[in-house]
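Below is one structure, written out as structure tokens, with a few remarks after it.
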Amino acid sequence: MASDAEPGRRRRCCAQDTPDAPKVPDSRGDSDGSRRGSLCDRHCAAINNVQGDLGDLGCHLHRPRVPPAMSTPSCYQQHSEEVCESCVVKTTLTAENAVEANKLSNNYKFGFKKWKSHVTARPWEDRSEIVKELYSDLNVIRGSGGSMLTCGNVLYLLLFGWWLSFLYVLVAAMMFVTVIGAPYGRLCWDLAGYFLWPFGKVIQKVEVPKSHQTCKAGTGESSALLGGPTPRRWRPQCWAGTGYWHRASTVVWLCLGYPVLALAHGLVCVTAWLLIVLIPVAKLSARAISRVLLLPPERVLIRRLKMTEVPLEGEVILCCYRAANPYYYKYAVDGINVFAVNLLPLVLVTLVLGYADSPNHLTGSAVKFTLALLSIMPLSYYIGMAIASISAQSNFAVGAVVNATFGSITELTFYITALIKGSREGNRCYAEVVKSALTGTLVGCVLFVPGLCMVIGGIRHQEQRFNSRSAGVSSALLFLSVGGVFAPTLFSKVYGKLVCGECHNVTQNPLGHYLCHNCHFDLMDNNGTLYYSHVQPLVYTVSILLPAAYLIGLFFTLKTHTHIYDIHVSDCHMPGHHHSAVVHWSRWRALVILLLSTLCMSACADLATEHISPILTNSTISQYFIGVTVLAMVPELPEIVNGIQFALQNNLSLSIEIGNCIAVQVCMLQIPILVLFTIFYPTNFTLVFSDLHVYASMFSVVLMNYIFMDGKCDYFQGTVLVMVYFILLAVYFFAPSPSGC
């Protein structure tokens, strides 16, 4: 959910690993020529089979470190006489400041949350013209930008323009009736035409000439110094010398006209902001409330722009050309994406409605469950950004602790509240739903997340490459974790006693075939000897070994074998573009937001589990399907968006790592924590899954490892993963509900 593109990711060709070596800036136009002229670049391209889109990639030379006295401060250095002795593919990242560099480096660390958005404010000159236009005020007069008859402008006319203009006409008539408010009546009449179609028109705040500030009785002619006639609204009275807020007409306007129009513009502003693509209309209405309608009528001038016309001297208040801009999905407020900003009021509505309307007088359980589930999405975004902000501004130890503590808080909050409610009601369905959600998260992050990123990234890039060694570490941990998680299930299948609810003889022969229903392996036979003496100790053993394996993986990738990721964050910037870090959220602010978001997440999870029972009872859809889809993937939507953005930037390694890390954390952290929780708070949760969960998980992990074997992929392989995921969803959809539900 980024407001702008991530700094360019480059590959460099080097003979020695010199962190302070200069680096050629990334440029689509100029870098191609330099790459073609470099022998080392051609050698690197041949070795690494570089093809397709290389706009963000390039091979750069490294020379041995030279003394500071001999080195030049510029990042633009020529390497025409150098020849590369050996090519080693490395990933070089560029960042505007140290905080952003730390965030980019954390993205490649195993166990750290991958975050696409910036945690610091980007320098204005480094942004594209498209993004600059998003943040510009509607007070700039540009040249002719083409026809004003666009789909967005017509949409404004149909949604807001006609009734807003009609309202201005009514207010103008009301002000004329008061007589004393006639100047505001003429202003509203002119604004009625403006807000009907504001495109290509300008509202200016003009200065009243001195000749009109000291006018005498009978003076009505224009001054020769003006070179033209006096604007019509200046002629009736000479008000510039009197106090504006003490006029009788101003009092009438503020009591009768302004509140009605301010309310209408406020409604337009909120509606346009929620639609996102119409944010320019929201800016238009906000400026009308705060500036235009509070100016004296004689200071407001409305005119239509012409290509050959020279604008009058004076401040431009409003000048709008387009009502809609599809790029506003990149818009951010204080570093927060506009989608997360718009969904934040939904959290407040959910909490107020959920706890104030406990008897369900206003809405039913289905509506409250849906609102609670949707509220988890923005809260997951805020938790993710807070974790990324704290990690980027802290040392490695603090970042590792924060990621390990709060990285899975979204899912664990829901799982624990569901298990508590199931234990209080004595309902086994909640434990089965939690198991389905765990399996759905595992399968979705192994198949759907990387598959979708491959498809979307493959549409822009013909073939994408990724670090197969780092993906291999995650794959090995996945094999280990899946084997450990499902070991108690396989043990129970081998030694458990098969018990069936109903059996019917279909052949009417005592020795014939029997058809049985509701069959399961009973682990509590002989007073639970098998479970308490064999299965439960195995569960505890696995729950200890899996977190230990996770810690070993962290030590392996972050300490002893950091070269697997081969990440170099460059501190080389373009001349004149050195910037200090201006963080969006300080560490204390991020910590407060993290704690508040976690608290709200707990409340929303409590509401979701409180109102899921009628859905599980009355729905004709299998509880398996509800768990593996809605409950599993909705909290992961911010991560999916991050993965897609990385894939579009040709950084598929991070897209794959997002899914793998979540899947590994499900097996190696979340499930052991749930087992630990059941020790202190007994619930119906046992680490014995259904056959469908076992087969789906194992097949997904095997298929993922097969696809990722060669370190490159395209949209076809992504399509295969997505299609297999949908096939598994179809199996869950038609599967019968678990026994006891």
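Descriptive notes on the structure:
- Between Asn395 and Arg303, the distance separating the two model label sites (each 7 Å from Cα on the Cα→Cβ line) works out to 6.4 nm.
- Euclidean distance between Cα centres, region 692-717 to region 106-138, Å: 32
- Each Lys or Arg adds one and each Asp or Glu takes one away; over the other residues whose Cβ falls under 15 Å from the Cβ of Val401, this sums to +3.
- A cut-off under 14 angstrom between Cβ atoms defines the neighbours of Pro738, and their net charge, with Lys, Arg +1 and Asp, Glu -1, is 0.
- Heavy-atom accessible surface of Lys330, to the nearest 10 Å², is about 40 Å², with a 1.4 Å probe and all protein chains retained.
- Paramagnetic label zone (point 7 Å from Cα along Cα-to-C-beta, His246; backbone N under 19 Å) in region 172-207: none
- Centroid-to-centroid separation of region 318-333 and region 355-432 [C-alpha atoms, Å]: 33
- With 0.36 nm allotted per residue and the present C-alpha distance subtracted, the Ser365-Val634 stretch has 95.0 nm of extension available.
- Cross-link pairs exceeding 31 Å between alpha carbons, from the set Lys116/Lys283; Lys421/Lys559; Lys116/Lys712; Lys559/Lys712; Lys114/Lys283: Lys421/Lys559; Lys114/Lys283.
The values are calculated or read from the model by the stated rules, or taken from the named source; none is laboratory data. Here the structure is a predicted model, which means the values were calculated and not measured. Heads up, the Cβs are rebuilt from the backbone with ideal geometry, glycines too, and the neighbour counts pull from every protein chain shown. The protein model used for the area step is the full one, side chains on, heavy atoms only, and it has no ligands, DNA or RNA in it. Shrake-Rupley method; radii C 1.70, N 1.55, O 1.52, S 1.80 Å.
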